[in-house]
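Peer 1: Before I ask anything, here is the structure I am working with.
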Amino acid sequence: MDDLVALIVGVAAYPRLDGWTIADDRTAEDAIAVAKALRGRNVPKDKIKLLLSTQTQRDLVEDVPVGPVTMEVLEKFIAEELGVPPFDGHRFLLFWSGHGVDAEGRSEPLLVMPDSFTMRGSRRRFKCLGIDHFRTQLQGMDGFAQQLLCVNACRTPAEWSMTSNDDPPDLVPTSRNPRADKVRQARFFAADELKPVPVESRPDGLSNGFAATVRDCILSGEWPPRETDWLHRLRAAWPGLWSVGAQELDVAVFRRLRDKIRAIDRRDQWSLVNGALRQVLKWNEQPPTTSEVSTQNLSEATLIDLHARSADRLDLLMTRLQEEVFHNDKLVPDGIQRARKWPDRAALLPKRQQDLFDELTYQLTNYRVPKIMTYRCPKTMKQIVDGLPGPGPCVRVVFVEIDGPCTTQDKPLVEAMRDFWQCIIREAWQRRNCLPLLLVGHVDPDGPVEGADLCDTTAFYRDAILEPFNERRLNLVRGDHLRAWLNDVIPGDRFLERGDLEAALVTGLDESVIERVNVRMEMIVNLITARADGGPVGRHSTARI
């Protein structure tokens, strides 16, 4: 097979680091076994870059030339030779066996070069290949559409860890290129984070079962190699396997996302409500004058239409608002007051209006106005406003949930609710009572309705705040939302997890790059929840808006 390029490295001798050399050259024997297996699969010798650091000098393995493992040699290969004939092809394989560390203060695994050295006293200067730096470069090399990285190295065993007593490590220079859409990269580590890898006394001369299984994957596995086949074989033979990439992403990462899923739950809506609360609190402490604001502006600023879908977890948004926006008992002493169900559509309009006004009044004042009192009567409004808190930093918050899309028969009720709210706000402002907030949440506002025309309720919005494009799309999750959310869970410098996480998300959402994501909250919640429970990350055919 002449379309596979392999970088095979085995480091057993560390002449400048006392106590680091591995007995019987076992880690170098790992690399030798992998190189022999590749030749057994007819990979041309000039497609294999074999680098060894051993106690016994070797010039050839089979007919493959052996080179030294130094920073200069690796830098020349990565920067000048990789991707250029003869080291060009459709597939790339990295196999490395030797000491590795997760250095203090760094966010990627480092593979220690044998030309690392001790400076003065106990201070050491490590030369390393940073896995994330290297794989990020590989992600931009779309000539290698399939990439397999197999690393047989420890991840911070205590006796080898870099400490503050050591000088900062020198990294083999590599580039950081944008991920290419065509690249499928899978990585197999012999150890999870913070775990050591044992060197065993095996009769075959190899260091452990991980190396032996990689060799066997080449000799007896599917050929050309397939990530899922290698994953199955390695996991069966080596329980300590840690794998991420094109076929698999650590379930624990998705569980971390699931635990913080509220961070992207309609961020624009959260900001809108939080801003409204801050503004109302300011007005309640320093009531505006007529020259500063009109009652029309006051009523529009205190009525927020959330435009959420039930499948997009409206209850999740409301819980988040309660915990993060309205959590202060002194400012919002009663929390969010939820009105009962949207009035029955089978009832006549006067009955629906009466039921809605009764419920709004109760949630505002904690008492019900006698039926004989009409809502157009100024006396009624004064009585309702009497139940609101007096001047000061305090807000009453009421939530009304509209069940299903607003139809033409709902329009008069929606307009009446808005008029009622304007009267309440006007009276409260004139009497210097604290202004309340009214939140309106729609359950499936764009859903199908047989035999009825939908009603546009975007009049709830304040034109100065939201652009027309956003008026009915606040429940969409976009690429910038995802990036902000991921930054809270996995910072951008955590390349090992972050790049593959983004790739898994866009794959599951049927996109190529995260910047192009524009989906319903429902899709994100379902995808993350399923994967956190161990389900696959596969492509979904889901309509966009």
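The values are calculated or read from the model by the stated rules, or taken from the named source; none is laboratory data. If you're wondering where the values come from, they're calculated on a predicted model, not measured in any experiment. Quick reminder, even Gly has a Cβ in these numbers, built from the backbone with ideal geometry, and neighbours come from all protein chains shown.
Peer 1: Answer with yes or no whether Met162 is at pLDDT below 90, buried (at least 16 other Cβ atoms within 10 Å of the Cβ) and among the aliphatic types (A, V, I, L, M). Write out each step before concluding.
Peer 2: Numbers: at pLDDT below 90: yes; buried (at least 16 other Cβ atoms within 10 Å of the Cβ): yes; among the aliphatic types (A, V, I, L, M): yes.
Taking the combined requirement at face value, the residue satisfies it.
Peer 1: Could you tell me which numbered condition Thr136 fails, if it satisfies all but one of (1) touching a helix residue (DSSP H, G or I) at 6+ places or on another chain (Cβ under 7 Å); (2) closer than 30 Å to Asp24 by Cα; (3) among the hydroxyl-bearing types (Ser, Thr, Tyr)?
Peer 2: (2)
Peer 1: So for region 286-300 (the condition being outside any helix (DSSP H, G or I), more than 21 Å from Glu427 (Cβ to Cβ) and either in contact (Cβ under 8 Å) with a residue 40 or more places away in the chain or among the acidic types (Asp, Glu) (or both)), does at least one residue qualify?
Peer 2: Filtering region 286-300 for residues outside any helix (DSSP H, G or I) gives 286-294.
Among the residues that remain, those that are also more than 21 Å from Glu427 (Cβ to Cβ) are: none.
Looking for residues that are outside any helix (DSSP H, G or I), more than 21 Å from Glu427 (Cβ to Cβ) and either in contact (Cβ under 8 Å) with a residue 40 or more places away in the chain or among the acidic types (Asp, Glu) (or both), one finds none in region 286-300, hence no.
Peer 1: Identify all residues within region 108-161 that are more than 20 Å from Ser53 (Cβ to Cβ), within 29 Å of the chain's Cα centre (by Cα) and not in a loop (DSSP other than H, G, I, E, B); write none if there are none.
Peer 2: Asp132, His133, Arg135, Thr136, Gln137, Leu138, Gln139, Gln146, Gln147, Leu148
Peer 1: Looking at Leu52, Leu17 in this structure, which one is assigned by TED's automatic domain parsing to the domain that holds Cys217, buried (at least 17 other Cβ atoms within 10 Å of the Cβ) and assigned to a strand (DSSP E or B)? Even if it seems obvious, please write down each step before you answer.
Peer 2: Numbers: Leu17 fails: assigned to a strand (DSSP E or B).
Among Leu52, Leu17, only Leu52 is assigned by TED's automatic domain parsing to the domain that holds Cys217, buried (at least 17 other Cβ atoms within 10 Å of the Cβ) and assigned to a strand (DSSP E or B).
Peer 1: Could you identify the single residue in Asp344, Asp329 that is in contact with a helix residue (DSSP H, G or I) (Cβ under 9 Å, 6 or more places away or on another chain) and either acidic (Asp, Glu) or assigned to a helix (DSSP H, G or I) (or both)? Can you show your working first?
Peer 2: Values: Asp329 fails: in contact with a helix residue (DSSP H, G or I) (Cβ under 9 Å, 6 or more places away or on another chain).
Among Asp344, Asp329, only Asp344 is in contact with a helix residue (DSSP H, G or I) (Cβ under 9 Å, 6 or more places away or on another chain) and either acidic (Asp, Glu) or assigned to a helix (DSSP H, G or I) (or both).
Peer 1: Within region 100-111, is even one residue at pLDDT below 95 and within 13 Å of Leu17 (Cβ to Cβ)?
Peer 2: For region 100-111, residues at pLDDT below 95 and within 13 Å of Leu17 (Cβ to Cβ): present.
Peer 1: Take the conditions in the same structural domain as Val244 (by TED's automatic domain parsing), among the hydroxyl-bearing types (Ser, Thr, Tyr), modelled with pLDDT of 95 or more and crowded, with 17+ Cβ neighbours inside 10 Å and apply them to Ser97. Does it pass? Steps first, answer last, please.
Peer 2: Values: in the same structural domain as Val244 (by TED's automatic domain parsing): yes; among the hydroxyl-bearing types (Ser, Thr, Tyr): yes; modelled with pLDDT of 95 or more: yes; crowded, with 17+ Cβ neighbours inside 10 Å: yes.
So Ser97 fits the description; yes.
Peer 1: Can you confirm whether Val400 is in contact (Cβ under 8 Å) with a residue 24 or more places away in the chain, under 44 Å from the mean Cα position of the chain (by Cα), part of a loop (DSSP other than H, G, I, E, B) and in the same structural domain as Gly275 (by TED's automatic domain parsing)? Walk me through it before giving the result.
Peer 2: Numbers: in contact (Cβ under 8 Å) with a residue 24 or more places away in the chain: yes; under 44 Å from the mean Cα position of the chain (by Cα): yes; part of a loop (DSSP other than H, G, I, E, B): no; in the same structural domain as Gly275 (by TED's automatic domain parsing): yes.
Against the criterion (in contact (Cβ under 8 Å) with a residue 24 or more places away in the chain, under 44 Å from the mean Cα position of the chain (by Cα), part of a loop (DSSP other than H, G, I, E, B) and in the same structural domain as Gly275 (by TED's automatic domain parsing)), Val400 does not qualify.
Peer 1: Determine whether Arg176 is surrounded by fewer than 22 Cβ atoms within 10 Å (Cβ to Cβ), under 27 Å from Arg41 (Cα atoms), assigned by TED's automatic domain parsing to the domain that holds Val112 and basic (Lys, Arg). So that I can check it myself, show each step before the final result.
Peer 2: On the way: surrounded by fewer than 22 Cβ atoms within 10 Å (Cβ to Cβ): yes; under 27 Å from Arg41 (Cα atoms): no; assigned by TED's automatic domain parsing to the domain that holds Val112: yes; basic (Lys, Arg): yes.
Spelling it out, it is not the case that Arg176 is surrounded by fewer than 22 Cβ atoms within 10 Å (Cβ to Cβ), under 27 Å from Arg41 (Cα atoms), assigned by TED's automatic domain parsing to the domain that holds Val112 and basic (Lys, Arg).
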